[in-house]
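Okay, structure first, notes after.
Each value in this text was obtained by applying a stated rule to the coordinates, not by laboratory testing. Because the structure is predicted, anything quoted here is derived from the model rather than measured. Methodologically, a virtual Cβ is constructed for each residue, glycine included, from the backbone with ideal geometry; neighbour enumeration extends over all protein chains shown.
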Amino acid sequence: MFDNFVQKRRYYYMFSGIVIGLGLLAMIYSVISTGQIFPLGVDFLGGTRFEIQFSDTVTEDQVRGVFVAEGISNPSITALRGQDLNNAWQIRTEFVDANKAHSLQSSLEALAPLVPGTFSVTTVSPAVGKEVTRAALAAVIVSGIVVLFYIMFAFRQVPNSFRYGACAVIAMFHDLFVIFGFAAIMGMISGWEVDALFLTGVLTVAGFSLQDTIVVFDRIRENSSRRRSSSGSFEALVNRSVNETIKRSLITQLSAMFVLLSILLFGGASIKPFIAVLFVGLLSGTYSSIFTAVPLLVSWELGEIPLISRIRTA
């Protein structure tokens, strides 16, 4: 299916570099314009989030006018899109106490009737977001270290087993940078904000990425043991291993992605950013396990990476 695909590895590196580079440019632009790598939600900045739905049509300026009249300057207002979300709005403000929230509800009801049960108020401390972020960052780092040592142990009979683990971890961070860039781009285009669900998506993508890469590397390990009794280059062995596993990888990942795509198209607006991150992350993970981790391993084995090709491990 992929004859001698590793010979084109420099093109895969270029493609990955372009995708990640675009994401980095978006993050740099976001830092310059907003002071944040990507737009952060209430979960990280702290404040109050209102979600409301009117029975009648109202405009963003009318909703903004209600909040400004209540003494809340510069509210961030987003129209919610999706099934059964006509005239629904999400408003993010600085901290608002219970009395002010009740006054806002009365003013909004005076503007237009609210759909019963649709006025919700969420208040979050920025300390919560920082704590969750630290926990997620620690989870990613620890998982990368654990997988590195696990692969070194599981592949101990293969020469240079450290390289397999390192390439798997590098591919995982490749996918994380892709979704970070995607979050920054969507923040610029659609005003999406990063919340606690985004961190859930990051951890999920990291897990899928490592799993898919390990499957491919395991087949390379199996074929490496057979190679000792037969002739053939390492590149040919890798090509054969990828062709033996690619159908399974694509079927597994595409099945999950079709489900995510259905949710993305027909699901509620509040969950769409999370589903989109998962979708892009799984797409990137499917790509990186074959077109990033494997070619990187080949380049390392052939000494094509000057800075790290000197690393030798048994």
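Listed values, structure above:
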quantity: Residue order, fewest to most beta carbons within 10 Å, for F274, F234; calculated: F234, F274
quantity: Candidates P273, P116, P39: whichever shows maximal mean-square fluctuation once the chain is modelled as a Gaussian network with Cα springs under 10 Å; calculated: P116
quantity: Efficiency of FRET between T123 and I189 - r from beta-carbon atoms, R0 25 angstrom, step 0.05; calculated: 0.30
quantity: MRE, 222 nm, helices only [DSSP H, n ≥ 4, -39500 (n - 2.57), over the chain, to nearest 500]; calculated: -23000 deg cm²/dmol
quantity: Extension gain, A110 back to Y29 (0.36 nm per residue minus Cα-Cα distance, nm); calculated: 25.1 nm
quantity: Fluctuation leader among F119, F155, F217 - the chain, Gaussian network, Cα springs under 10 angstrom; calculated: F119
quantity: DSSP-defined beta bridges in the chain - what % are antiparallel, rounded to 5; calculated: 95
quantity: Residue order, fewest to most beta carbons within 10 Å, for D175, D195, D56, D43; calculated: D56, D195, D43, D175
quantity: Centroid-to-centroid separation of the stretch 170-243 and the stretch 83-140 [C-alpha atoms, Å]; calculated: 36
quantity: Order of E222, E301, E193 - criterion: other Cβ atoms within 10 Å of each residue's Cβ, fewest first; calculated: E222, E301, E193
quantity: Kirkwood Rh and Cα Rg combined as Rg/Rh, the chain; calculated: 1.10
